[in-house]
1. Would you mind stating whether N286 is open to solvent by 10 Å² or more (accessible area, probe 1.4 Å) and in contact with a strand residue (DSSP E or B) (Cβ under 6 Å, 6 or more places away or on another chain)?
2. Can you name the residue in the range 196-230 that is of a type in the set (A, V, I, L, M) and under 26 Å from A77 (Cα atoms) and, of all such residues, is most open to solvent (accessible area, probe 1.4 Å)?
3. So which residues in the range 28-44 are open to solvent by 40 Å² or more (accessible area, probe 1.4 Å) and modelled with pLDDT of 90 or more?
4. Would you confirm whether or not the range 617-634 contains a residue that is on the phi < 0 side of the Ramachandran plot, under 26 Å from the mean Cα position of the chain (by Cα) and open to solvent by 90 Å² or more (accessible area, probe 1.4 Å)?
5. Looking only at the range 391-414, which residues are over 24 Å from the mean Cα position of the chain (by Cα) and among the aromatic types (F, W, Y)?
6. Can we say T311 is free of Cβ contacts under 8 Å to residues at least 60 places away in the same chain and open to solvent by 10 Å² or more (accessible area, probe 1.4 Å)?
7. Which of the residues belonging to the range 131-169 are β-branched (V, I, T) and assigned to a loop (DSSP other than H, G, I, E, B)?
Amino acid sequence: MEPIYQYAWLIPVLPLLGAMVVGLGLISFNEATNRLRQVNAVFIISLIGASMVLSFTLLWSQIQGHGEYTRMIEWAAAGNFSLQMGYTLDHISALMCVIVTTVALLVMVYTDGYMAHDPSYVRFYAYLSIFSASMLGLVISPNLVQVYIFWELVGMCSYLLIGFWFDRKAAADACQKAFVTNRVGDFGLLLGMLGIYWATGSFEFDVMGERLEDLVSSGMIAPALAALFAVLVFLGPVAKSAQFPLHVWLPDAMEGPTPISALIHAATMVAAGVFLVARMYPVFENIPVAMTTIAWTGAITSFLGATIALTQNDIKKGLAYSTISQLGYMVMAMGIGAYTAGLFHLMTHAYFKAMLFLCSGSVIHGMEEVVGHDPVLAQDMRLMGGLRKYMPLTSLAFLIGTLAICGIPPFAGFWSKDEILGLAFEANPSLWLVGWLTAGLTAFYMFRMYFMTFEGDFRGNDMDIRAELSAAVAPVFGPGAMDVKELEHDSEDHGHDDHGHGHSEYPHESPLTMTLPLLILAVPSTLIGLLGKPWDNTFEGFIHAPGEVIEEVSHFDWTEFGIMAGNSVGIALIGITMASLMYLQHKIDPKAIADKLPSLYKFSLNKWYFDDLYHNVFIMGCRRLARQIMEVDYRVIDGAVNLTGLATLVSGEGLKYLENGRAQFYALIVFGAVLGFVIVFSVV
């Protein structure tokens, strides 16, 4: 099988080639390229499909026992410094390649239906392709420098895709917010990289870990300094994987088209942070302060995301905060040393969260037929309800994803989340308690979303709710799944009603290109968790921490498993029951609870006031500082320059009258000046 490894570099290069060809076509022959919509889509999907086939081949080879394969070339050299680039294929990189390519392929197929009427259909495919290529390049990178290069490429692609509809102010602001927030984390990552290189002289993951441990144990580097380097590196994943306190960009990223929301939240950008923590595990595991920081950052993030999701009415933003919460589980797992459990949850979450986001896009696509192309109305769950009757396939997929994320057996999320909670209990019961409470909140808000969207009576034609929502937020026309030319004509030309600009009275099921990826993703969302059964953990035998030796367990403790699993499923069932009483059976009034606990309700609704805090402290603070600097520039620097010019002008004007060309007069002036100096020095 080794010859196939020599072509592993094609995995990221093929989608990159697709993006380059289509991009050059858009630059050079824009109209012709845009007319060939389906041709370009098939071309890009075929290339990511080829990458997927190659990824599966390499994963199968790794499963069969093939060793790690690394191929390097010298990229730059100066004196003793040598920087090598290349690619490495091991268990984790092969698995990540499969996750990224499978999710990306299904998202691209789905995109054909979702973006069918968008005038920038081809450009969107080019962006998707380069985004996938960047993430694939990141996961096969053999050292920290190459990871950093692709890390920034992923950030650039997210900027382009979140702001894809850049003519909408909300989208333009969201992509800038994502870019700036990630720069904060990336600056910390860069400082940490340079610090570790200064200490160890290497960018290789294993070498950095070994040398840093030796330096700390020998006393050549203070443990606090090593911890500082590790925490600075961790700042990169904090921003990229939307961890507290740099999580604020992820919900706003929902302003991009739904397919990219699925790709960002499932298998690419946010997964990059957890992947880097896994790659840097040889460094982190020997620094207790760093591990504790990672664990508690993840725990706080998981709880924070869940509490905010409780009050979200926008279906995509509810899923976004769900993603933040689930990423917190993964990071917490890494911090407690549960390396395998964290990556296992990353894999299961990639499939069911991609499916949930694509389901939300399918719902929005159907709602736009009723309420028009206004995201304020099309994405608000208060206008939904009863969609199971009109969108049976979408509702089935969403229910499977909801059961998976809630940790209900035998769905995928149960096995991965339960493993994290079990190991957290062994490491630190406080962390387990936070994770356990979060599991209950997760079940509540996810079934709240399901009941509000798919059960009960359809509320999309309730003009009172529409008017209330439209008044609360000024309507913004978003090009999602629509033809922008529709906006150039009167609504009567398209059969729109007078109120919502919709095409029909009720939504309908999405086309096959959108529902087929949902049904395909439902399979791993249901079954893939069985790879991590604790009594026969196939996943742990394949993926484990560097240097860790897996011992065969001769006796499995069913009692311990039953207690831990019972606790996690029990709290989830309590959350589901509460959601059912409030939003399905209507025996409890959510508004009454909100009125009784107004402070907690507003705290959740206003997202813990993080956005307000950052706006007042950083944005307004920077503006005040800029104004003060502008005053200094205007009054001091410009004043000094203007004063110099004025002095030159006045002195020049005065001296020109002394220039008469008579040598005697010049001599008299010189004599007077000398006499003046003599008098002054004599007095002094």
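1. no
2. Selected residue: V207.
3. Residues satisfying the conditions are V39, V42, F43.
4. Yes, some residue in the range 617-634 is on the phi < 0 side of the Ramachandran plot, under 26 Å from the mean Cα position of the chain (by Cα) and open to solvent by 90 Å² or more (accessible area, probe 1.4 Å).
5. Within the range 391-414, F411 is the sole residue that qualifies.
6. In short, no.
7. Correct list: I140 only.
Yes/no matrix, rows are residues, columns are (1) crowded, with 24+ Cβ neighbours inside 10 Å; (2) more than 26 Å from M582 (Cα to Cα); (3) at pLDDT below 85:
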{"residue": "W436", "(1), (2), (3)": "no, no, no"}
{"residue": "F447", "(1), (2), (3)": "yes, no, no"}
{"residue": "E505", "(1), (2), (3)": "no, yes, yes"}
{"residue": "E509", "(1), (2), (3)": "no, yes, no"}
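The values are calculated or read from the model by the stated rules, or taken from the named source; none is laboratory data. Only a predicted model underlies this, so the values are computations on that prediction, with no experimental measurement involved. Cβ coordinates were reconstructed from backbone atoms using ideal geometry, including for glycine residues, and neighbour counts include every protein chain displayed. Keep in mind that these areas ignore ligands, DNA and RNA; they rest on the heavy atoms of the full protein, side chains included. Shrake-Rupley method; radii C 1.70, N 1.55, O 1.52, S 1.80 Å.
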